[in-house]
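Q: Here's a structure for you.
Every number here is computed from the coordinates shown, using simple stated rules; none is lab data. The shown structure was predicted, so the numbers you read here are calculated from the model rather than taken from an experiment. Cβ sites come from the backbone with ideal geometry, for glycine too, and all protein chains shown count toward neighbours.
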Amino acid sequence: MGGRSFRTKLLVLIVGALVLLQMATLTVVHLAGRADLHRAISEELRVGSRVLDRLLDARGRRLSDSVRVLAADFAFREAIASGDMPTITSVLLNHGSRIDADAVFLISLDGRVDADTLDGRYAGRPFPNAALLERAREAGEAAAIVSLDGLLAPQPIAWVCIGFEIDDSVLGDLNRLTGLEVSLWSVASGRKASLISTLPPDAQEAIRSHALPVASGVQLEEARLDLDDVAYESLVRPLETSDGSTINMLLQRSIEDAERPLRQLELRMFALSALALLVAIVAATFFARGVSRPLMSLAKATQRIARGDYSTPVALSQDDEIGRLAESFDTMRTGIEQREEQIRHQATHDALTGLPNRTLFLDRLTQAIAVAKRMGRQVGILMMDVDRFKEINDTLGHRFGDDLLIEFGRRLRQATRECDTVARLGGDEFAVMFDVDDAARATDVARRVSGPLETPFALAGVSIDVKASMGIALYPTHADDAGALMTHADVAMYDSKRNHSAFAVYEPGRDEHSLRRLAILSELRHAVAADQLELHYQPKIDFKNERADHAEALVRWRHPVHGMMPPDEFIPLAEQSGNIGMITKWVLRRAVRDCGAWQSAGLTLTVAVNLSALDLLDPELPTFISGLLHDGGLPPSCFVLEITESAIMRDAAHARKILSDLKNRGITLSIDDYGTGYSSLAHLRRLPVDELKIDKSFVANLGGGSAEDSVIVRSTIELGHNMGLRVIAEGVENEAAWKELQALGCDMAQGYYVSRPLPSDQFVAWMRESRWGVG
């Protein structure tokens with residue numbers, strides 16, 4: 001494992017803090033204890049010194065009292081007066097024995113010792129401490145410490161001197177009272193130093209050899225002495241004597257003995273600390289586990305969330321910060337789940353219509369094909385798009401286009417079953433997937449789907465007829481996989497567009513033609529920018545003056561690969577893709593430019609330009625044309641706009657509105673290909689048009705004995721004249737047709753009999769050279 005866990009780190013932190021705290025506590029206690037111990041030892045030594053002083057003082061007062069009693073004894077005074085030495089000696093011994101005195105002297109007035117209890121050792125000799133005797137004469141009594149071949153503490157009274165010896169028993173009493181080791185030694189002039197002590201013999205030898213010379217003469221000093229490998233805290237002080245001798249007292253406290261209770265206390269504290277630490281470690285372990293367990297639960301929850309498992313709630317039954325953190329994690333879980341569900345939905349559904357998108361449709365189609373392969377069934381798909389959608393979108397606005405797509409998708413959904421899949425593949429392209437038994441069943445589905453689409457779409461106050469081109473492809477008849485099946489349905493859809501049929505079933509072998517068509521459709525978008533389009537002009541001859549006063553502008557595409565392409569090959573594709581408006585505006589600009597150039601050259605002509613049905617959906621078209629004429633310096637009368645019957649009938653009300661606007665601007669309007677549409681005479685009379693053009697299909701057979709076509713042409717000419725319209729015939733291929741039209745009273749004619757469409761420069765040359773031209 002890489003690195004320690006949080007539980008281990010927390011446990012180490014807590015235990016480490018406790019150990020440091022206890023170590024600090026024990027260190028402080030140890031240092032404070034040592035400091036207190038040394039202060040206590042120092043104080044003990046000083047107290048011991050004072051105890052010794054008081055002990056000696058108490059013994060001195062006792063001797064003083066005894067001396068007074070002895071001095072007041074009448075029999076003793078009589079014995080002194082009579083010089084009865086045996087009696088005196090007996091009294092001194094008895095009295096000294098009663099008070100535990102070690103030495104009793106009877107001193108004559110001249111300072112000699114008359115008797116003593118020391119076996120007469122001092123009898124007849126001067127009292128050894130004349131200074132003490134002198135002080136007694138002055139004060140009536142005196143007390144002092146003197147050295148008499150040893151350490152003595154007499155208490156003389158007047159002429160009687162009583163003393164006791166400071167020996168091992170005295171020091172032992174002080175040792176028992178204070179617990180201190182006591183040593184006394186004296187150094188008298190010319191005498192060997194004597195020592196009495198409560199120390200062990202080895203320590204006494206050590207103190208003789210090391211301590212005595214150093215301590216002599218010190219008034220009061222504390223020191224640490226090591227005696228026989230034992231450390232003592234020591235206090236050295238001198239005892240005042242009256243005979244000039246040096247007596248030193250050494251009070252000592254064994255440091256080891258003094259420290260023993262402290263060490264025991266420290267050991268107990270250490271044991272208690274260790275026990276407390278052990279308890280703390282156990283408690284910290286449970287605490288760390290209590291803290292880490294919910295954190296581990298949260299970590300596992302985050303791992304589940306990271307794996308995409310949002311089904312398990314993040315729940316901890318704790319009313320604390322971790323519990324609130326768990327609540328936050330659970331809120332995050334539900335938020336992420338909702339957002340991912342939203343993202344998944346957005347990734348597989350169209351944002352505008354809410355229908356499945358291409359990705360989901362392809363996935364469902366793949367699954368349906370897999371199931372159909374196992375079950376031996378068929379799967380059918382319909383590919384469709386909205387005819388003229390780009391023009392509608394550009395003309396009426398994107399909001400209108402979006403609403404149209406939404407309504408289109410809703411109608412598709414209503415026309416299909418729950419088990420069918422309706423998808424928006426992109427733009428105005430939709431698809432429907434369904435189970436099918438045969439091709440006939442597939443066409444039934446197409447008819448059922450197209451039914452609701454025939455009802456006009458009323459959106460934002462505008463009613464518009466919308467058609468859809470549909471392509472049908474079946475698995476396994478037309479393809480074995482989803483991608484190929486969609487491609488073939490797309491090919492069939494464009495066949496439907498080209499044939500102007502509601503739907504078409506895929507036919508093998510159409511792919512090559514479809515690919516060429518798709519390539520042309522893609523390249524058409526760049527044709528205008530690459531200046532690949534050209535305008536050719538076909539003259540119109542007025543039968544009255546037999547002059548070419550009019551010309552029709554016809555667009556051609558000089559394709560870099562396919563060469564010169566006629567409008568019949570690419571104009572329908574432009575209408576299907578919504579690019580017709582771009583081409584129409586290019587034609588209008590070029591026609592205005594050429595017409596202006598001709599007028600500047602002295603050639604006055606009226607030019608006709610064809611409009612698509614989609615062009616009539618553009619409410620800005622009249623303004624655009626007026627602007628072009630104004631910028632070109634041309635009057636509106638020199639411009640004619642030709643519109644087919646079918647284009648007007650797609651949305652008659654809107655077309656009539658646009659045409660009226662154009663008419664009001666002075667532009668001449670013409671009905672093109674008259675006779676091929678389904679407009680009624682009443683409807684035709686309501687249109688603000690100026691011309692009728694008889695379709696070439698009726699003109700082509702004139703002069704060849706076709707009575708039916710002659711009747712249609714005559715009726716059309718008479719109808720147009722009765723309505724006050726100028727009648728033009730197109731497609732005149734021979735002289736017989738020309739003469740018959742002239743006999744029927746037709747106003748103008750055009751066709752290959754007069755001239756094929758010519759580029760601008762060739763057209764100008766023709767106008768100058770032809771018998772119908774300006775000459």
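Q: Starting from the Cα gyration tensor of the chain, take the square roots of the eigenvalues, sort them a ≥ b ≥ c, and report rounded, prolate or oblate (rounded when a/c is under 1.5, otherwise prolate if a/b is larger than b/c, else oblate).
A: Here the chain falls in the prolate category.
Q: Quick check: the angle from helix 6-71's long axis to the longest principal axis of the chain, C-alpha only, nearest 10 degrees?
A: Value to nearest ten degrees: 20.
Q: Follow-up. Going toward the positive end of the dipole of the chain, with +1 on Lys and Arg Cβ and -1 on Asp and Glu Cβ, which of T117, S660, Y494 do you reach last?
A: Towards the positive end, the residue furthest out is S660.
Q: Tell me the relative contact order for segment 341-479 as a rounded percent, counting alpha carbon contacts under 8 Å between residues six or more apart.
A: 32 percent
Q: Please tell me which of these pairs span more than 22 angstrom C-alpha to C-alpha: K467/K497; K540/K693; K497/K693; K544/K663; K663/K693; K585/K657?
A: K497/K693; K544/K663
Q: So for each of 553-560, 225-232 I average, over its residues, the number of other beta carbons within 10 Å; can you give me the resulting order with the highest mean first?
A: Highest to lowest by the protection proxy: 553-560, 225-232.
Q: If you put +1 on each Lys and Arg Cβ and -1 on each Asp and Glu Cβ, how big is the dipole of segment 699-774 around its Cα centre, in Debye rounded to 20?
A: That gives segment 699-774 a dipole magnitude of about 220 debye.
Q: If each of A736 and A274 carries a label point 7 Å out from its Cα toward its Cβ, how far apart are those two points in nm?
A: 13.5 nm
Q: Ok, one more. Among L616, A40, L195, which residue has its Cα positioned farthest towards the positive end of the charge dipole of the chain, with +1 placed on the Cβ of Lys and Arg, -1 on the Cβ of Asp and Glu, and the dipole taken about the Cα centre?
A: Checking the options against the dipole of the chain, the answer is L616.
Q: Going toward the positive end of the dipole of segment 219-293, with +1 on Lys and Arg Cβ and -1 on Asp and Glu Cβ, which of M249, F270, S292 do you reach last?
A: It is S292, whose Cα lies furthest towards the positive end.
Q: Could you give the nm distance between label points at R137 and E507, where each point is 7 Å from its Cα heading toward the beta carbon?
A: That separation, rounded to one decimal, is 17.3 nm.
Q: Still on this structure: Grab the other residues whose beta carbon is less than 12 angstrom from that of D420, score K and R as +1, D and E as -1, and report the net.
A: Here the count lands on +2.
Q: If R₀ is 41 angstrom, what is the calculated FRET efficiency for the pair R685 and A519, using the beta carbon separation as r and rounding to 0.05?
A: Using R0 = 41 Å, I get an efficiency of 0.35.
Q: Would you please give the FRET efficiency between R768 and R656, computed as 1/(1 + (r/R0)^6) with r the Cβ-Cβ distance and R0 = 35 Å, to the nearest 0.05?
A: So, using R0 = 35 Å, E works out to roughly 0.30.
Q: So how far apart, in nm, are the two label points at R68 and V528 if each is 7 Å from Cα heading toward Cβ?
A: Taking the simple label geometry, R68 and V528 are separated by 14.7 nm.
Q: At a 10 angstrom cut-off on C-beta neighbours, averaged per residue, how do the peptides 81-89, 297-305, 587-595 rank from highest to lowest?
A: Averaged packing, sorted descending, gives the order 587-595, 297-305, 81-89.
Q: Would you mind calculating the relative contact order of the chain from Cα pairs under 8 angstrom and at least 6 residues apart, reporting the percent as a whole number?
A: 7 percent
Q: Can you work out ³J(HN,Hα) from phi for every residue in segment 166-183, in order, using Karplus 6.51 cos²θ - 1.76 cosθ + 1.60 and θ = phi - 60°, giving whole Hz and x for Gly and Pro?
A: 8, 10, 4, 5, 5, 5, x, 4, 5, 5, 5, 6, 10, x, 9, 7, 10, 9
Q: Run through the DSSP bridge list for the chain and note the antiparallel percent, rounded to the nearest 5.
A: For the chain, the DSSP antiparallel bridge percentage is about 75.
Q: Under a Cβ-only charge scheme (Lys and Arg +1, Asp and Glu -1), can you give me the dipole magnitude of segment 1-139 about the Cα centre, in debye to the nearest 20?
A: Using Cβ point charges on Lys, Arg, Asp and Glu, segment 1-139 gives about 1380 debye.
Q: About the Cα centre of the chain, how large is the charge dipole given +1 on each Lys and Arg Cβ and -1 on each Asp and Glu Cβ? Please answer in debye to the nearest 20.
A: For the chain, the charge dipole is close to 1300 debye.
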